[in-house]
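Everything below concerns the one structure shown next.
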Amino acid sequence: MSPTFLGMPVYAPRGVGALRGDESFPDAARTALGNGQLRRNLGHATRTIRGKRAAVVAELPDWEELRLAGEAVKAATMARLPELLIQLEEQVTARGGTVHWARDATEANAIVLGLVRAAGADEVVKVKSMATQEIGLNEALADGGVTAWETDLAELIVQLGDDKPSHILVPAIHRNRTEIRDIFRRTMPGVEDLTDEPRDLAMAARAYLREKFLTARVAVSGANFAVAETGTLAVVESEGNGRMCLTLPQTLITVMGIEKVVPSWTDLEVFLQLLPRSSTGERMNPYTSLWTGVTPGDGPQDFHLVLLDNGRTAVLSDEQGRAALHCIRCSACLNVCPVYERTGGHAYGSVYPGPIGAVLSPQLTGVEDNASLPYASSLCGACFDACPVRIDIPAMLVHLRARHVEERAERLMPSAEAVAMAAMSWVMAKPARFRGAERLMRFGRILGRRDNRITALPPPLSAWTASRDLPRPPGQTFREWWRTRPAPPAAPPTTPPAAPGSAAASGPASSGEDR
């Protein structure tokens, strides 16, 4: 083991990986909203997952206590992350593995490509991994002459369809089974008569991948968790493809974000209860694979762990934003988000879509590189209620919006929004200016005379009416109405209260019998 220095926090580099989109969220979302089939696919899938999750969560009377425990473990881990990573490195090395530190996506891709070449391989099989998607590993390997085969069914669908993942847990959630059948027919040999029955689709994928599993010499995986006290890595999945990749090849390379470490097995126990219920709506994952270093004669004989920063220390340095690193990639927040359900994951432009992507991606890249994502939310709070580790995403969204405004304010050239807000501030600072502005607004009545709505304004005001209408201004201002309003009716005269002890105060006289 050699001393490691990560340096000052830096953002994920531009031009590599999948953290930045080609267009802003509003533009991409507008395109997605025009796709009716996409919305039907997403609506059906997210409703199904929500129902399954609700059923298994309701079985645990201590679910809220588990959430609190998960939140506490993550907060404590982030507070001592450097020492836990060093402990993890020591334990992995002591058990025959090799640890590599990667400051960013470029370094991580170069490390993995070098290891594959050193193994004499020109192809690898992959376990589903968000970290490798984040750094664009498949593209980097392809540029280096190495073919990466995705073995997760949904990832395979995305790869064969020359598509992009749109969900953290179910990358092909935007596809229905008929679309999947058409992709398989187009790209797999010997499946011309394939039906769209789920079993037939799964069996076709199984037959297609079996040869890859049996011949691959190198596998690449991510990791759901890493236990610092023993150097143990964990991958949970539902199909068995992960188990094949983690046991059959001679060389195993795991790319893991530095935030995935947990201190002990006791802590891991908490997350193995939270994760399956929140992600797939299962009591436990069908396949939970755990490995520690290298065991002679059993499994891969050459194990490498690549610890990835790629902006994570920059997130850690933000006291109000660092809780985004608590995420265990369950996707529960996506499945309850009304914005995600209508736009899908591609609109976010990042491999991390939905509410967690709206707070994580801007922090990994710098807020200005993903400035529209913190606004991709209604702040309804459903994501916080669903999060198994209680990440307060709504509060973080507001924090990132404020950071965006502050960073824009430091620019030499102010934005159109900043100019508009400054102009409004100037107008509203003096009563005379405000009265003049109210009188000028009457001209807007001409634009809205047809249906009492203003639906289109010239630039730059068109940026507002492109998304919403304006009500037609009233015929008179409030001040004018107040001056000309009818006088209120005179109040009836009131009788002053009688003095105590007087006849009026004692009420009507009583007969002698009513005592």
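The values are calculated or read from the model by the stated rules, or taken from the named source; none is laboratory data. These numbers come from a predicted model, not from an experiment. Backbone-built Cβ (ideal geometry, glycine too); neighbour counts: all protein chains shown. When the accessible area is computed, the model is the full protein with side chains, heavy atoms only, and any ligands, DNA or RNA have been set aside. Shrake-Rupley method; radii C 1.70, N 1.55, O 1.52, S 1.80 Å.
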Next on the checklist: What's the number of the only condition in (1) out of contact with any helix residue (DSSP H, G or I) (no Cβ under 9 Å at 6 or more places or on another chain); (2) among the β-branched types (Val, Ile, Thr); (3) assigned to a loop (DSSP other than H, G, I, E, B) that Ile86 fails to meet?
Outcome noted: (3)
Checklist entry - In region 124-136, how many residues are part of a loop (DSSP other than H, G, I, E, B), surrounded by fewer than 24 Cβ atoms within 10 Å (Cβ to Cβ) and among the hydrophobic types (A, V, I, L, M, F, W, C)? => result 0
Item to check | Pairs where the first residue, in region 137-152, is closer than 24 Å to Gly240 by Cα and open to solvent by 20 Å² or more (accessible area, probe 1.4 Å) and the second is assigned to a strand (DSSP E or B) and not charged (D, E, K, R), C-beta under 8 Å, 6+ apart | outcome: Asn138/Ala148; Thr147/Val124; Trp149/Val124; Trp149/Val125
Next on the checklist: Among the listed residues Leu252, Leu268, Leu274, identify the single one that is touching an Asp or Glu at 6+ places or on another chain (Cβ under 8 Å), among the aliphatic types (A, V, I, L, M), at pLDDT 95 or above and not in a loop (DSSP other than H, G, I, E, B).
Outcome noted: Leu252
Checklist entry - Any residue at all in region 1-20 that is polar (S, T, N, Q), within 27 Å of Asn109 (Cα to Cα), open to solvent by less than 60 Å² (accessible area, probe 1.4 Å) and modelled with pLDDT under 95? => result yes
Checklist outcome for this item: Within region 220-231, the residues that are more than 27 Å from the chain's Cα centre (by Cα) and surrounded by 21 or more Cβ atoms within 10 Å (Cβ to Cβ) are Gly231
Item to check | Ala418 being more than 31 Å from the chain's Cα centre (by Cα), among the aliphatic types (A, V, I, L, M), surrounded by fewer than 17 Cβ atoms within 10 Å (Cβ to Cβ) and modelled with pLDDT under 90 | outcome: no
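Is at least one residue of region 143-153 in a loop (DSSP other than H, G, I, E, B), acidic (Asp, Glu) and within 29 Å of the chain's Cα centre (by Cα)? Talk me through it step by step, then tell me what you get.
Residues of region 143-153 in a loop (DSSP other than H, G, I, E, B): 144-146, 151-152.
After this cut, where a residue has to be acidic (Asp, Glu) as well, the list is 152.
After this cut, where a residue has to be within 29 Å of the chain's Cα centre (by Cα) as well, the list is 152.
Yes, some residue in region 143-153 is in a loop (DSSP other than H, G, I, E, B), acidic (Asp, Glu) and within 29 Å of the chain's Cα centre (by Cα).
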Next on the checklist: The conditions are (1) part of a helix (DSSP H, G or I); (2) open to solvent by 80 Å² or more (accessible area, probe 1.4 Å), and Val92 fails exactly one of them. Which is it?
Outcome noted: (2)
